[in-house]
Each structure stands twice: as C-alpha cells, then as structure tokens.
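Since every read-out is calculated from the coordinates, none of them should be taken as a lab result. The shown structure was predicted, so the numbers you read here are calculated from the model rather than taken from an experiment. Note that we place each Cβ from the backbone using ideal geometry, even for glycine, and neighbour counts take in every protein chain shown.
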Amino acid sequence: MRTVVLKTVAKVVVPAGILHGLRLLVVGHDAPGGGFAAGLVTALAVVLGWLAFGTPAGHRRWEFGVSLGLAIGVASGLGAVLLGRPFLTHAVSFVGPVKLVTSLFFDVGVFVVVVSATLAAVRTLWEAGS
Amino acid sequence: MNALLAALVGLLFAAGTWLLLGQRILRQVIGLGLISHGANLMVLLAGGLGGRHAPLLANPTPRADPLPQALILTAIVIGFGITAFLLALGYRMHALEEDEP
Amino acid sequence: MNAAVAPVVVPLLTALLCVGLQARRTRWTVSLAGGGLSVLASLWLVALAHGHGVVVLRVGSWPAPYGIVFAADLLGALMSAIGSWVALWTLVALAAQPHPRLDAFFHAGWHLMLAGMNGAFLTGDLFNLYVFFEVLLVTSYFLVTLGATRRQAREAFTYVAVNIVASTILLMGVALLYAAVGSVNMADLAARIPQASPGLVRPAVFLLAVAFGVKAAVFPLYAWLPHTYAIPAGPVAAYFGGMLTKVGVYALYRLFTTLQPLHGPEPWLLAVAGLTMVLGVLGALAQEDMRRILSFHIVSQIGYMVFGLGLGTPQAWAAGIFYTLHNIAAKTALLLVSSAVEASYGTTSLRSLAGLAHAHPWLGVWFVVAALSLAGIPPLSGFWAKLLVVQAGLEAGEFAGVAVALAVSLVTLLSMLKIFTGAFWGPPPERSHISPLEHASVVGLAALTVAWGVGGGTLLELATAAARALGDPAGYVRAVLGGH
C-alpha cells in the first residue's frame with residue numbers, strides 16, 4: 001500500500017487538502033463551502049496521510065472532539081439567548097472590506113464535529129480491521 | 001429531463017430494494033444507500049429542475065431553488081453518518097460470528 | 001420565545017458534558033441534574049403554552065415561513081414533559097445497573113435521544129421533524145446495539161434497516177408536499193394545502209402516514225417492534241417502550257389535525273386502529289416472557305391512541321391524548337419492573353420465575369398498580385383513559401370499534417394476570433437483591449398513574465385544551481406566521 005508514488009503524492013496533497021478544507025470553512029458564509037464540506041475535505045486529507053505514512057501511535061479520544069464541536073455550535077447560538085434574541089441569531093459586520101460573521105463559530109463547531117467523527121469512525125474500523 | 005430523472009429514481013429504488021432483500025450485510029448496506037440516494041434525487045425533482053422565479057429579485061430569470069439543495073445536503077449528512085454506523089455494525093456482527101460460532 | 005427550544009438544548013448540553021466528564025460520580029450527578037432540568041424546562045413550556053397558546057421561536061431571527069421555526073403548542077409541550085420525565089426515571093433505573101465501561105455513552109445516548117424527541121415534539125417545520133426523527137433514531141440504533149451479542153446485533157440490524165426505509169419514505173413525503181405547496185413550514189403548509197393540487201398532496205400524506213405508522217408500530221407495520229424491544233438492556237427497553245413509538249403517534253396526530261385535518265370519523269384509520277389493538281393483544285397471548293408480553297401490549301395500546309385520532313373530533317383527540325400520556329406512564333413503570341426483575345434474576349421468562357411477591361412485596365404492589373391501570377381498572381388513570389376513548393367512540397357512533405376496544409381491554413387484564421400468577425405468585429424464589437433505585441424508578445412512574453387516576457381532572461383539562469388547539473389549525477397558523 002505505502003508505495004513511493006503514494007508517499008510522494010501525499011506529501012503535496014495532504015497539506016493542500018487541509019488548506020483547501022480551511023479555506024472552504026472561511027468562505028462558506030456566502031460561497032460554496034461551509035463547516036460540513038470543509039470538515040470532510042480536511043478529514044479526507046488526514047486519512048490520505050494515514051494511508052501513506054501510517055496512523056499516529058497512541059489512543060486518540062476523537063469522540064471528545066465531537067462533543068467539543070457540538071458544544072461550540074450550541075454555544076454560538078446561546079450568545080443571542082443571553083442578549084434576549086432568538087436562539088442562533090447571528091450578527092454581521094464589516095471591518096473595511098472584510099466581512100465578519102458570528103455564524104463562523106457555528107461553522108467551526110460543525111467543522112470540528114465532522115473532522116472528529118470521520119476520523120473516529122475511520123480509525124475505529126481501521127484498528128478493528130488490522 | 002424530468003421523466004428521465006424520475007425513471008432514475010425508480011431504478012435506484014428497484015436496485016436498492018433488490019439488494020436489501022439479499023442475505024449479505026454489505027449488499028444490504030449498499031441497498032439502503034441506493035434507496036436514500038433515490039430519495040435525495042426525488043427531493044431535487046420536487047424543487048423543480050427548471051428553477052423558480054426568486055420572490056424578491058427584480059429580474060425575472062428563473063433561479064435554482066436553494067431549499068431542496070439544503071434539504072438534500074442535510075439528508076446526505078444523515079445518510080453518511082448512518083452508513084458509517086451500519087458498516088461498523090456489520091463489521092461487529094462479522095467479528096462476533098467468529099467469536100461465537 | 002427561547003423557551004420553545006429549552007427542552008432540546010438542555011439535554012443536548014447535558015449529553016456533551018457527560019462525554020467530557022471522566023469521574024463517574026460527577027458524570028452521574030451532571031446527568032441526573034440535566035434530566036431534572038429537562039423536566040423543569042418542559043414543564044415551564046407546558047405552563048407557557050397553556051397560558052398563552054403556541055410558543056413560537058423563529059430560530060436565528062429569520063421570519064417564518066422562510067426560517068426554521070419551533071412552535072410548541074400544548075400537545076407538543078405535554079409530550080415533551082412526559083418524555084423528559086420518562087428519561088429521568090429510566091436513567092435512575094440505569095443507575096442501579098451500571099455498566100462501568102460504557103457509562104459515558106449510555107448517558108450521552110439518553111440525553112441525545114431526549115433532545116431528538118423533544119425536538120420532534122416542538123418543531124414547527126416538517127423537514128426538521130424528519131431531522132429530529134433521525135437524531136432520536138440514530139441514538140436509538142446506538143443504544144440498542146451497545147454491548148450487544150451476535151443475535152442481538154442481527155436483530156438490531158433489522159431494526160435499523162426498517163427505520164432507514166421508513167425515514168426515506170418520510171423524506172419522500174416531505175419532498176412531494178414541497179413539490180405541491182412549495183413550503184416545509186407546518187403552519188404555511190396548513191394554510192396552503194387546501195389550495196394545492198390533490199394529485200400531489202394525497203400521495204404525500206399517504207407516504208407520511210406510512211412513515212409515521214412504522215415509527216408508531218401500527219398494523220400492518222409493527223412486526224419490527226416486539227423483536228427489537230427484546231434486545232437491549234432493561235432500562236433502555238423501558239425508555240424505548242415508553243416513548244419511542246409515541247413520537248410516531250404524536251406525528252400522526254400532527255399530520256391529521258394541523259396539516260390535513262380530519263372532520264369526523266376516518267374509516268381506514270379506525271380499521272388500522274382496531275386491527276392494531278387486536279393483533280397486538282393476540283400476539284401477547286402467545287408469549288411466555290414478561291418483557292415480550294409487555295412489548296406486544298405496546299402495539300395493542302397504540303391502537304387506542306390511533307382510535308382516538310381516527311374518530312376525528314376534538315373531544316376524541318382529548319381522549320387520545322389523555323390515553324397516550326397515561327399509557328406512557330403505566331407502560332414504562334411495567335417495563336421498569338421487568339427490568340428490575342431481569343437485573344436481579346437474570347431472566348423475565350414466566351416459566352423460570354415464581355414467587356416474586358413473597359421476596360419483594362413492594363415490587364409486587366407497584367406491578368399490580370401499573371398493570372391494573374393498563375387494564376383500565378378504577379380508580380387508576382387507565383380507567384379514565386379507556387372511559388374517555390369509549391365515550392368518544394359511542395358519541396361518534398363507532399360501536400364496532402368500541403366493542404373491540406372493550407374486548408381487547410379484557411384480554412389485557414388476562415395478560416396482566418398471567419404475568420402476575422407466573423412471576424409473582426407461587427413458592428418464594430431464592431431471594432435476590434433489588435436496589436432501592438429500581439424501586440424509586442418504578443414509583444416515579446407508577447405514582448403518575450395513581451395521581452392521574454385520583455385527580456384526573458387536571459390532566460383531562462390539559463388534554464382537552466391541547467385537543468381544542470389541534471382542532472383550530474387557523475390559530476396555529478396565526479401564531480406562527482402572524483406578526484410580520
């Protein structure tokens with residue numbers, strides 16, 4: 001499985017994939033992308049890295065990431081509740097040409113959930129298979 | 001185009017049902033996947049392929065209806081999670097079969 | 001009003017905390033406190049919905065029907081309150097049967113399933129109903145298979161496959177309705193379905209009814225239930241048996257009151273209800289195992305709830321809602337007794353058990369209270385529930401259905417006597433310990449059926465108000481869509 005071709009390709013594709021995933025996360029507010037797509041792209045890049053270079057040793061608590069991501073998502077909606085607005089109300093503002101939205105926090109939460117859940121699933125099946 | 005896609009939905013359902021009625025777990029998982037893809041395609045059809053006129057915009061060119069796409073994305077996400085779960089469950093059944101003959 | 005989403009967010013956050021916490025004692029404290037908070041949140045919602053009508057939350061401040069809406073009417077709030085109550089007490093029963101390696105997952109599953117159920121009860125959006133159904137089903141798949149053996153994994157796979165197909169049918173129903181009306185907001189649908197083309201609406205309603213029918217386990221779609229409920233750990237089975245099918249019943253109520261209101265008796269729903277009652281109870285007769293008998297009775301009693309719905313008058317709906325709430329309490333109590341017996345004696349087979357009433361007199365008392373309530377003996381809540389359903393049936397002139405309901409309740413009594421003589425009568429067994437927590441969990445639910453029996457007026461008043469709200473879809477539409 002771990003051929004030279006795979007390793008050489010992975011050296012380029014893995015970092016590029018992770019970067020592309022992060023880009024999708026940031027532009028997702030009004031362009032194609034968003035937390036889910038970004039999470040899948042990033043997780044796929046990481047899995048490719050595992051295929052090429054092997055999985056990192058030691059037990060990783062990926063399920064903790066799932067909780068953390070969900071918590072970030074819910075928390076991003078609770079801010080509005082504290083201000084007396086409906087749950088998940090988000091704010092938009094511009095700093096110069098840069099558009100800032102609080103819904104990015106929600107997307108980050110989704111991103112963390114998707115990455116952790118995908119990696120947890122792949123890792124578990126992987127360990128069960130070997 | 002509508003009729004073609006409708007036929008494709010039917011085909012996906014037929015193939016999925018056939019696989020689901022088989023004996024092997026992996027086939028059943030794939031069958032369930034095909035059925036849910038058929039349903040997703042049907043949601044897309046339900047939104048209308050030609051697009052609808054956007055309610056708030058002045059220029060009356062038809063635009064793709066975003067709601068079915070949002071619905072499908074949600075359904076795909078759910079299907080993705082369930083497929084992962086089914087594969088794990090199938091694997092577990094396989095492993096248990098070896099443990100307790 | 002953010003209250004509408006509190007019964008969803010509280011269990012969601014509790015589930016997250018439970019996964020993160022390492023110390024067992026802290027985790028239990030947080031989990032039980034979260035369960036208690038969910039109960040309080042949903043009771044608060046009941047008070048709000050009773051006082052001010054539908055509690056509407058437009059998530060993210062997007063106006064309805066474009067944004068996502070939570071709309072808690074009295075029926076949804078009541079269901080979410082009883083759901084939280086059941087989750088809390090079955091969790092107490094779980095505390096008596098700890099599973100050290102899997103504890104954190106059980107807790108997370110418990111609260112996530114509650115979040116899914118409450119979401120389904122409180123959402124004002126048909127597509128979100130599908131999503132919350134998935135949330136609670138995925139959690140239920142997970143709870144069913146946790147720590148399963150090979151045979152259990154096989155049964156669980158069937159359960160999962162059946163439910164995935166049902167969910168797909170549900171999604172197609174939503175899609176067709178969207179094609180016909182161009183909306184998935186329930187209030188918007190309720191307002192615009194009458195003008196939509198019946199050629200699309202009819203198949204859509206049929207698909208939705210089939211999907212909800214599978215989840216509610218009505219005839220002829222109930223075959224999955226008795227097998228599935230024989231698999232999981234006792235407290236899980238009690239949680240499922242109490243609540244899971246009732247989410248389907250709730251969805252059927254929503255479909256045939258708010259979205260496609262019935263006006264008067266609907267023959268095919270009544271036929272389905274009658275057959276569900278009869279076949280469930282006949283299935284129970286053939287069983288020799290406490291848990292299996294109770295599982296078949298779940299099916300049988302779903303029939304009464306659908307009967308109330310099918311009669312098609314607010315008065316009958318009130319009877320059906322009363323029946324549903326009573327049945328959740330009584331049924332969960334019985335399943336918790338069975339769970340306690342199984343934990344201590346390792347079986348629920350009536351052939352292997354005997355004399356439990358000697359060894360555990362109090363457990364016998366709780367069982368008799370809940371069983372008599374289920375069979376409809378005064379002064380327990382089951383008596384009023386059946387009386388109301390029968391009364392509504394007589395007023396609608398559905399004498400055949402009423403006769404079936406009465407005959408089935410006689411057979412139910414026989415079934416309960418069979419369990420009692422089989423498991424509780426006879427020579428005392430070698431005594432095994434039953435934890436006070438198990439007793440507490442059973443009492444937590446049996447107390448409800450006594451309270452609703454002696455003081456049934458309060459619940460009847462709530463059920464009647466909830467049914468009156470269901471009978472006024474225009475009011476629901478105004479509450480959700482009005483104000484913009």
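Rounded to the nearest 500, what is the protein assembly as shown's calculated 222 nm mean residue ellipticity when only DSSP H runs of at least 4 contribute -39500 (n - 2.57) each, over all residues? List each step's numbers first, then the result.
On the way: 28 runs with 523 residues, N = 715.
Counting only the DSSP helices, I get -25000 deg cm²/dmol.
For peptide C:309-318, the mean count of partner chain Cβ atoms within 10 Å of a residue's Cβ comes to 0. For the residues of C:62-69, the average number of beta carbons from a partner chain within 10 Å of their own beta carbon is 1.
Shown is the FRET efficiency for C:Tyr66 and C:Leu32, computed with R0 = 25 Å from the Cβ-Cβ distance and rounded to the nearest 0.05: 0.05. Ordered by the count of other Cβ atoms within 10 Å of each Cβ, fewest first, C:Thr228, A:Thr118 give A:Thr118, C:Thr228.
The alpha-carbon of C:Lys386 sits under 29 angstrom from the alpha-carbons of these lysines, leaving out residues fewer than 8 places away in its chain: C:Lys215, C:Lys246, C:Lys331, C:Lys418.
Rounded to the nearest 20, the Cβ-based charge dipole of the stretch A:4-129 about its Cα centre (Lys and Arg +1, Asp and Glu -1) stands at 220 debye. Taking 7 Å steps out from each Cα toward its Cβ at C:His358 and B:Gln23 produces label points 4.9 nm apart.
Ordering C:51-58, C:317-324, A:107-114 by mean Cβ neighbour count within 10 Å, with the highest value first, yields C:317-324, A:107-114, C:51-58. Each Lys and Arg Cβ is given +1 and each Asp and Glu Cβ -1; about its Cα centre, chain C then shows a dipole of about 660 debye.
Got the relative contact order for the stretch C:2-481 handy, in percent, Cα pairs under 8 Å and 6 or more residues apart?
The value is 16 percent.
Classified by the C-alpha gyration tensor, the stretch C:239-296 has an oblate form. Its axis ratio a/c, with a ≥ b ≥ c, is 1.5 or above, and a/b does not exceed b/c. Across the options A:Val122, A:Val14, A:Gly96, the greatest Cα extent toward the positive end of the charge dipole of the stretch A:4-129 (unit charges at beta carbon of Lys, Arg, Asp, Glu) belongs to A:Val14. Dipole orientation for the stretch C:1-138: of the candidates C:Val39, C:Leu75, C:Val19, C:Val19 has the Cα lying most toward the positive pole (charges on Cβ; Lys, Arg +1; Asp, Glu -1). Averaged over peptide B:40-46, the number of partner chain Cβ atoms lying within 10 Å of each residue's Cβ comes to 5. Under a model in which nothing but the beta-carbon of Lys, Arg (+1) and Asp, Glu (-1) is charged, the protein assembly as shown shows a dipole of about 1120 debye around its Cα centre. Each of A:Val101 and A:Thr8 was given a label point 7 Å from its Cα along the Cα-to-Cβ line. The distance between the two points is 4.2 nm. Summary of the geometry: the stretch C:229-248 and the stretch A:77-93, compared by the centres of their Cα atoms, lie 36 Å apart.
Between the residues C:Thr464, C:His358, C:Asn185, the greatest Cα displacement towards the positive end of the dipole of the protein assembly as shown, with unit charges on the Cβ of Lys, Arg, Asp and Glu, is found for C:Asn185.
The C-alpha radius of gyration of the protein assembly as shown, expressed as a fraction of 2.2 N^0.38 Å, stands at 0.96. Rounded to the nearest 0.05, the FRET efficiency derived from the C-beta distance between C:Arg431 and C:Val365 at R0 = 22 Å is 0.80.
The relative contact order of the stretch A:4-129 comes to 29 percent, based on Cα pairs under 8 Å that sit 6 or more residues apart. Compute the Cα gyration tensor for chain A, then decide on rounded, prolate or oblate, letting a ≥ b ≥ c be the square roots of its eigenvalues: rounded whenever a/c is under 1.5, prolate when a/b is larger than b/c in the other cases, and oblate in all that remain. Oblate, because a/c is 1.5 or more while a/b does not exceed b/c.
Model label points for B:Ala3 and C:Arg468, set 7 angstrom from Cα along the Cα-to-Cβ axis, are 5.5 nm apart. Distance from the Cα centroid of the stretch A:3-25 to that of the stretch C:359-437 is 64 Å (rounded to whole angstrom). Ranked by the mean number of other Cβ atoms within 10 Å of their residues, highest first, the peptides C:330-340, C:115-125, C:385-395, C:78-88 fall in the order C:330-340, C:115-125, C:78-88, C:385-395. Computed from the C-beta positions of A:Leu78 and B:Leu73, the FRET efficiency with R₀ = 35 Å rounds to 0.90.
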